[in-house]
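Participant: This is the structure, below, for whatever I ask next.
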Amino acid sequence: MPALSDRTKDFTDSVIRRMTRVSLKYGAVNLSQGFPDFDPPKEILQRLAEVSREDYNQYSITWGAQNFREALALKQSKYMGHPINPNGEVVVTCGSTEAMMVAMMSVTNPGDKVVVFSPFYENYGADAILSGADPIYVPLYPPEFNYNPDELEAAFKQKPKAIILCNPSNPCGKVFTKEELLFIADLAKKYDTFVITDEVYEHIVYEPYEHVYMASLPGMWERTISCSSLSKTYSITGWRLGYVIASEEVIEVAKKVHDFLTVGAAAPLQEAAVVGLNFKDDYYKDLARKYQAKKDLFLKGLDDLKIPHTNPQGAYYVMLDISEFGYDSDLEFCEVLAEKVGVGAVPGSSFFKEPVNHLIRLHFAKRDDTLNEALNRLSDIRKKISPLHK
Ligand code: GLN
């Protein structure tokens, strides 16, 4: 058989998604891959039922159905504080996963450098490799996951084409402050760099933190490529509806990449999701409140069990410190956790450039009874997983 492609040699399948399969294998409560087990808003599901009887069975316009783009542009103009033209500044994609890939392919050439904070969402490593870019990793330091401004500037001095900014951040839960974003924006301007944002958790932020859109900062509209999705905001991760919002110059190119990658997102699902995009402010406030309650429930449970963990400012992930178990491999620990304790987690090493091995990531986007069941199972963790190497 001829050799397979070189570009696929340097990364594995997604460990996040692999852990869902491991959880299924052991019947574990799956807190690995981040997706809810509660229903999306009923208005969206009702509209989906109607749409199935209407004529939405063929392709929509490749860069997104007209009414979806109009509803999205209206909503995002309001939240992003910048008027968005639905006909020139939006591409609808198959999830934010495609949006990020489209953004990377649209701005980078093979050999270009891209700044990535570590820890980072797993996909960015593969995105960089597939688009031929070389990541420059800049550490975020716990407990607040702050960057060191000198280290960040040193990365920009290497003339990267873009920086990837996941805000609110998966997996560490950091919500970048306006001051931090202004500092990044100044560097982007000084060194002529694009900012590619991944803002899928834009509406899942815990008080007193607030989400600031990079694209809304002075002079940043032109150089920011804003990627996000409807997955987390409307609890429809399986619908694969994402988007890129950027200036017309960038979108002209993004449209081409998207067109040849996927042609388009599912037409009936775009139509049904318009109802959600038209929701009023209250919906987003309720969503944040609902996640605050889940965060409180789950983190209190971990505290009661005396399991050390991070305290997210946004998104729905928490990282647990498993040093006490003395495992050399966090991947092996997660396998044992799924099998013996019955809880699915993602090994922290999937998110760090540094050799971090003592953290695992759980998410709390689940019904309260699911979270309570997970906590109940975790209460036996020290009985079921004995410390190694001690
Ligand atoms: N963002 C989710 C996570 O980090 C999963 C996204 C995906 O699998 N596409 O778990």
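Participant: Report, by chain and number, residues whose modeled amide H sits under 5 Å from the one on Phe194, excluding near sequence neighbours (fewer than 5 apart, same chain).
Facilitator: Result for Phe194 returns Ala162, Ile163.
Participant: Continuing with the same structure: Let me know the charge dipole size of segment 31-113 about its Cα centre in debye, to the nearest 20, where only the beta-carbon of Lys, Arg (+1) and Asp, Glu (-1) is charged.
Facilitator: Working: 7 positive and 10 negative charges, 44 e Å.
For segment 31-113, the charge dipole is close to 200 debye.
Participant: Ok, one more. Sequence-distant or interchain residues sharing an amide H contact under 5 Å with Tyr147, placed H: which?
Facilitator: Tyr141
Participant: Got a sec? How would Arg53, Arg361, Arg7 order by Cβ neighbour count within 10 Å, fewest to most?
Facilitator: Arg53, Arg7, Arg361
Participant: Here's a follow-up. What ranking do Arg223, Arg21 get, fewest neighbouring Cβ atoms within 10 angstrom at the top?
Facilitator: Starting with the residue having the fewest Cβ neighbours, the order is Arg21, Arg223.
Participant: Ranked by Cβ crowding within 10 angstrom, fewest neighbours first, how are Cys166, Cys227 ordered? If you can, show how the numbers build up before the last one.
Facilitator: Details: Cys166 27, Cys227 31.
So the residues, fewest neighbours to most, are Cys166, Cys227.
Participant: Just add up the charged neighbours of Val341: K/R +1, D/E -1, any other residue whose Cβ is under 15 Å from the Cβ of Val341.
Facilitator: -1
Participant: Okay, moving on. For the chain, what is the mean residue ellipticity at 222 nm derived from helices alone (per DSSP H run of n ≥ 4: -39500 (n - 2.57); sum divided by total residues; nearest 500 deg cm²/dmol)?
Facilitator: -12000 deg cm²/dmol
Participant: Once you've got the Cα coordinates, tell me which of Lys290/Lys353; Lys300/Lys366; Lys78/Lys290; Lys9/Lys295; Lys78/Lys255 are over 27 Å apart.
Facilitator: On the way: Lys290/Lys353 33 Å; Lys300/Lys366 15 Å; Lys78/Lys290 22 Å; Lys9/Lys295 38 Å; Lys78/Lys255 23 Å.
The answer is Lys290/Lys353; Lys9/Lys295.
Participant: To the nearest Å, what is the center-to-center distance of segment 123-184 and segment 211-274, using C-alpha atoms only?
Facilitator: The distance from the Cα centre of segment 123-184 to that of segment 211-274 comes to 20 Å.
Participant: When all alpha-carbon pairs of the chain are counted, what percent fall beyond 42 Å?
Facilitator: Cα-Cα pairs of the chain separated by over 42 Å account for 10 percent.
Participant: Projected area of segment 207-262, taken from the Cα convex hull and averaged over every viewing direction, in nm²?
Facilitator: With every direction weighted equally, the projected area is 5.3 nm².
Participant: If you place +1 on the Cβ of every Lys and Arg, -1 on the Cβ of every Asp and Glu, and leave all else neutral, what size is the dipole of the chain about its Cα centre, to the nearest 20 Debye? Before the final figure, lay out the partial values.
Facilitator: Working: 43 positive and 53 negative charges, 130 e Å.
Result for the chain is approximately 620 debye, rounded to the nearest 20.
Participant: What share of Cα pairs, in percent, lie more than 22 angstrom apart in segment 1-73? Write out the running numbers ahead of the final one.
Facilitator: Working: 1577 of 2628 pairs.
Summing the P(r) of segment 1-73 above 22 Å gives 60 percent of all pairs.
Any read-out appearing in this document is the output of simple, stated calculations on the displayed coordinates, not a laboratory observation. Bear in mind that the values here come from a model prediction, so they are computed numbers and not experimental data. Don't worry about glycine lacking a Cβ; one is built from the backbone with ideal geometry, like all the others, and counts go over all protein chains shown.
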